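The block underneath contains the structure these notes are about, expressed in structure tokens.
The values are calculated or read from the model by the stated rules, or taken from the named source; none is laboratory data. These numbers come from a predicted model, not from an experiment. No Cβ is skipped: glycine too gets one built from the backbone with ideal geometry, and neighbour counts run over all protein chains shown.
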Amino acid sequence: MKKLTIVLFLLTLSASVFADEASVFSKYPNAAGGFYGNAAGQGLSWQHWFSEFGMAVSGGFMYNGGSYADANIGIEGQYMFDNFAIENWFEGNFYLFLAANIGGSFGAASNSVSIYPGIGIGTEFVFAEHFSLPLEFGYGASWTLGDAVPM
């Protein structure tokens, strides 16, 4: 009986070691944070992974004294093509992104609106299952629409 108990214990242990654990992106698909960049916008952000496809939205507002204010909103589509894990405390992924941001400056002197599309590659590092640090590299463009919003 003692040998059977030891064999069952070892089988259970080996099954748990070789089990296919879910990645942190499937266990915790939502993330709140911040973005800073022309393609996706500047400000607070929310991200969600739908299996290998993800999306992020961001928006920000900054009041610059009495002269003018800046505002923007951005959206980003993402495709995760690889992920990795080192032990249980560090995971990450690599993804392609397509982003668009619209933003502008509004004030007494003038009101200008610009559109910023972008495309590139990104990586996201996750520490202790909850702390995420994305880093993106890409190409973008900008079009200034001028005084598009009358005040």
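Data table
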quantity: Residue list for the stretch 101-116, restricted to those being farther than 17 Å from Tyr36 by Cβ and not small (Gly, Ala, Ser); calculated: Phe106, Asn111, Val113, Ile115
quantity: Residue match in the stretch 43-57 (condition: closer than 13 Å to Phe97 by Cα and not in a strand (DSSP E or B)); calculated: yes
quantity: Of all residues in the stretch 108-132 being under 17 Å from the mean Cα position of the chain (by Cα) and hydroxyl-bearing (Ser, Thr, Tyr), the one that is surrounded by the fewest Cβ atoms within 10 Å (Cβ to Cβ); calculated: Thr123
quantity: Filter pass, Gly41 being crowded, with 17+ Cβ neighbours inside 10 Å, touching a residue at least 24 places away in the same chain (Cβ under 8 Å) and either touching a helix residue (DSSP H, G or I) at 6+ places or on another chain (Cβ under 8 Å) or of a type in the set (Gly, Ala, Ser) (or both); calculated: yes
quantity: Residue match in the stretch 44-57 (condition: modelled with pLDDT of 75 or more, closer than 29 Å to Phe81 by Cβ and touching a Ser or Thr at 6+ places or on another chain (Cβ under 6 Å)); calculated: yes
quantity: Selection from the stretch 70-101 of residues that are closer than 13 Å to Gly43 by Cβ, without any contact (Cβ under 8 Å) to a residue 60 or more places away in the chain and not charged (D, E, K, R); calculated: Ala71, Asn72, Ile73, Gly74, Ile75
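Residue by residue, here is whether (1) closer than 15 Å to Gly122 by Cβ; (2) of a type in the set (A, V, I, L, M, F, W, C); (3) crowded, with 19+ Cβ neighbours inside 10 Å holds:
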site	(1), (2), (3)
Ser26	no, no, no
Glu52	yes, no, no
Gly59	no, no, no
Tyr79	yes, no, no
Leu98	yes, yes, no
Phe106	no, yes, no
